[in-house]
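Worksheet: one structure, shown below.
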Amino acid sequence: MLSDRGLQIIVKLADYNKKPVTSKFLAQELGVSERSVKTYIKEVLEYCNQNGMKLTAKPGKGFVAEFLEEDLQRIRGLKDKTSSSMSARYRQCYIGFILLSGWELYTISLFAEELGVSKNVITYDIDSVERELKHFNIQLKKTAGKGVYVRGEEFQIRKALHRCMEFSWEEQPNEVCYDERIPAGESGMWISHFKRNNYEKAVRLMKSIEKCFNVIFTDYSCKMFVEYQTIAFYRMGMEKYIDKELIEDEIPTNLKNDYREIQEFILKYLEDETKNYHLTEKEKKRELEYVLVLLKCAGFQHNDDNVKELDDNSKEMIAYIEEMFGMDMEKNSLLKKSLMNFIPSSIERTRYGIEIINPFLKDITEMYSGIFATCFTLSTLYEKFTNQIQTNHEIAYVTLLVGGALRRNSQQAKAVLVGAGGIAAAGIIAANIESKLPNLQVIAILSSDKISKLEEYECDIILYVGDAGKENLPVDKRLLVITPMVTPIDVKNIKEKCFELAEGNVTERSEFLSLLSPDSISFVEGRYKKKDIIVMATEKMIEEGFVKSEFLDDIYAREHVEVTAIGNGVAIPHGKPENVISSQIRIIKLKRPVDWGNGHKVDLVFFLALNFDNFKKTKAFFKDFTRILNSKDGLSHIKESKNEQEFYARLIKELKWF
């Protein structure tokens with residue numbers, strides 16, 4: 001059986017099958033010493049010999065693998081294990097977990113030995129961990145003779161431990177079945193890291209709350225509560241308790257029950273489960289507050305009789321969503337109820353830095369990329385209410401709720417067809433339109449000379465067929481010229497026109513032209529990292545007086561909480577409006593896609609420096625922006641531009657800013 005290092009080496013040899021590879025090259029590729037490669041290559045040679053795989057050492061050339069297809073298939077089966085177990089992110093999560101768990105005698109050498117990499121690689125990993133921990137106000141200290149350790153507030157340490165739960169570095173239990181809402185992979189990972197008894201205590205507490213107060217945690221809240229409470233019991237077992245007050249005043253949870261009743265129930269449970277921990281009264285009170293914070297951050301599947309009155313912040317956010325998407329919440333009772341359930345706890349999670357995971361994040365950003373981009377404008381309200389940045393997972397849940405409602409509410413529009421050149425031809429064109437647009441009904445067909453009778457019909461859109469006589473058409477915002485063939489472009493234009501008319505979106509678009517110019521678009525051909533692209537664009541905006549220097553800090557803060565990639569190869573980094581001097585969109589088109597994080601490869605970056613003076617402009621801009629991001633064909637057409645001038649022309653044409 002190969003060790004992890006042996007697996008890494010054989011995978012790399014397979015990548016260069018039938019080509020000579022030196023020990024030095026392997027060392028550079030794997031981030032280890034050449035001596036380490038020479039040690040583990042003996043293991044690889046033995047493995048190949050035992051399995052009938054040809055690997056030879058050629059003096060002066062290196063190692064040459066001559067693997068057959070079945071050999072390569074065998075290695076591909078091993079590759080997933082290699083890449084996950086030894087990636088830089090894996091090492092950093094492992095180091096973070098060890099340090100946050102309170103192991104104070106870990107040295108760089110010990111980490112290097114355990115993870116099978118050089119001390120230089122570990123030093124780089126520790127620097128990365130240190131940068132991430134700073135966002136939790138946790139200090140990483142390196143002391144001669146004592147090793148590497150961390151210091152910080154207990155609440156922050158527990159949140160940082162959650163961030164480390166991306167991988168499992170211990171064997172997971174085979175059977176974990178305490179709640180069907182928690183996937184076995186996640187519960188198994190929590191058990192392997194934080195011990196089974198702590199996980200069982202957390203599940204019992206959650207189920208006791210549900211039974212006592214007649215509520216059901218939503219799936220995402222169930223996972224959130226159990227994970228964070230498992231971490232809490234794990235830390236209490238190490239005599240690590242919450243060391244400062246989390247709640248200054250009484251705050252109601254998202255349960256409708258009496259606040260004192262909830263307090264007493266949880267305190268009794270904690271006393272029963274931690275009787276061997278010898279907590280002081282102050283420590284009990286603070287651990288109680290920790291559970292109350294988790295309940296404040298949880299969403300519940302309420303009965304109608306158990307729905308709480310909305311606070312002012314939640315009302316303002318729901319009203320913003322209603323206005324931004326032109327939706328009547330009274331006619332969208334399901335959406336309204338869903339938002340009433342989600343938004344209050346979402347605001348509190350953002351306030352306290354408690355994170356939920358949306359397992360469909362990538363699918364949502366791909367399917368509803370435009371809506372997702374529009375929902376990003378909620379950042380202003382999240383920051384206003386909490387002074388914190390919300391995660392993409394919060395935005396994704398809102399996007400899913402709004403996107404589903406928009407699909408459910410797509411109502412049939414009424415059209416009048418004009419100038420079709422005869423009843424027979426008109427009937428064929430009308431049938432063609434209705435077959436391609438099921439939500440559009442042609443209620444009347446008029447010849448060109450009967451256009452004066454339009455006022456007799458109540459319609460949403462007027463479709464004029466052909467070019468002849470269109471110069472004599474009346475001025476009417478409902479009017480759209482189409483071809484007799486009803487081409488895909490006609491269908492696209494009809495959909496956009498109906499959408500625009502339905503939303504009452506009649507803001508003058510020409511004023512948006514000041515946001516863009518060919519000079520604000522850059523085609524980049526070299527190999528760059530994400531940070532290089534951010535600095536390149538932001539420094540240009542600072543130099544030209546569009547944003548303040550703090551705008552760069554805003555972008556870094558946003559990207560740390562969650563990457564701004566929204567699917568389809570697009571990212572939309574942005575900063576706070578107060579750090580925008582004059583609104584601008586800076587665009588970077590990349591020849592070689594950049595890893596934007598979380599598995600997103602990005603080749604088109606829109607840097608949004610926006611500070612509109614009224615809501616109507618904000619809404620109009622994001623309506624147009626949404627339309628492009630939701631159109632894969634339109635986006636592809638723009639990306640295929642050969643230079644900045646062509647890109648600009650295609651973009652404003654798709655935006656209809658002319």
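Summary table
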read-out: Residue pairs meeting the criteria (Cβ under 9 Å; at least 6 apart or on separate chains; first assigned to a helix (DSSP H, G or I), in region 107-119; second open to solvent by 20 Å² or more (accessible area, probe 1.4 Å) and aliphatic (A, V, I, L, M)); value: 112/121; 115/121; 119/108
read-out: Residue list for region 319-341, filter: under 16 Å from residue 376 (Cα atoms) and free of Cβ contacts under 8 Å to residues at least 60 places away in the same chain; value: 319, 322
read-out: Criterion (under 23 Å from residue 389 (Cβ atoms) and either open to solvent by less than 10 Å² (accessible area, probe 1.4 Å) or of a type in the set (Ser, Thr, Tyr) (or both)) met by exactly one of 581, 588; value: 588
read-out: Within region 121-153, considering residues that are over 27 Å from the mean Cα position of the chain (by Cα) and touching a residue at least 40 places away in the same chain (Cβ under 8 Å), the one nearest to residue 245 (Cα to Cα); value: 153
read-out: Scan of region 338-380 for residues that are assigned to a loop (DSSP other than H, G, I, E, B) and either hydroxyl-bearing (Ser, Thr, Tyr) or touching a Gly at 6+ places or on another chain (Cβ under 6 Å) (or both), ordered by number; value: 368
read-out: Residue 316 closer than 21 Å to residue 224 by Cα and at pLDDT 85 or above; value: no
read-out: Residue within region 454-470 that is open to solvent by less than 20 Å² (accessible area, probe 1.4 Å), among the hydrophobic types (A, V, I, L, M, F, W, C) and modelled with pLDDT under 80 present; value: yes
read-out: The one condition in (1) among the acidic types (Asp, Glu); (2) free of Cβ contacts under 8 Å to residues at least 12 places away in the same chain; (3) in contact with a Cys (Cβ under 6 Å, 6 or more places away or on another chain) that residue 166 fails to fulfil; value: (2)
read-out: Qualifying residue in region 63-71 (condition: assigned to a helix (DSSP H, G or I), surrounded by fewer than 13 Cβ atoms within 10 Å (Cβ to Cβ) and under 44 Å from the mean Cα position of the chain (by Cα)); value: yes
read-out: Residue in region 48-62 that is nearest to residue 117 (Cα to Cα), counting only those that are at pLDDT 85 or above and not in a loop (DSSP other than H, G, I, E, B); value: 62
read-out: Inter-residue pairs, beta-carbon under 9 Å, first over 23 Å from residue 222 (Cα atoms) and in region 278-298, second open to solvent by 30 Å² or more (accessible area, probe 1.4 Å) and among the polar types (S, T, N, Q), 6+ apart; value: none
read-out: Where residue 194 falls short, out of the listed (1) touching a residue at least 24 places away in the same chain (Cβ under 8 Å); (2) of a type in the set (A, V, I, L, M, F, W, C); (3) open to solvent by 60 Å² or more (accessible area, probe 1.4 Å); value: (3)
read-out: Region 144-169: number of residues that are open to solvent by less than 30 Å² (accessible area, probe 1.4 Å) and in a helix (DSSP H, G or I); value: 8
read-out: Identity of the residue in region 506-549, hydrophobic (A, V, I, L, M, F, W, C), surrounded by 13 or more Cβ atoms within 10 Å (Cβ to Cβ) and not in a helix (DSSP H, G or I), that ends up modelled with the lowest pLDDT; value: 516
read-out: Selection count, region 429-453, where residues are open to solvent by 80 Å² or more (accessible area, probe 1.4 Å) and either part of a strand (DSSP E or B) or of a type in the set (D, E, K, R) (or both); value: 4
read-out: Flag if residue 626 is at pLDDT below 90, buried (at least 20 other Cβ atoms within 10 Å of the Cβ) and not aliphatic (A, V, I, L, M); value: yes
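The values are calculated or read from the model by the stated rules, or taken from the named source; none is laboratory data. It should be emphasised that the depicted structure is a prediction, and the values quoted were computed from it without experimental measurement. A quick note on method: Cβ atoms are made from the backbone with ideal geometry, for glycine too, and the neighbour counts reach across all protein chains shown. The accessibility values were calculated without ligands, DNA or RNA, using every heavy atom of the protein model including side chains. Shrake-Rupley method; radii C 1.70, N 1.55, O 1.52, S 1.80 Å.
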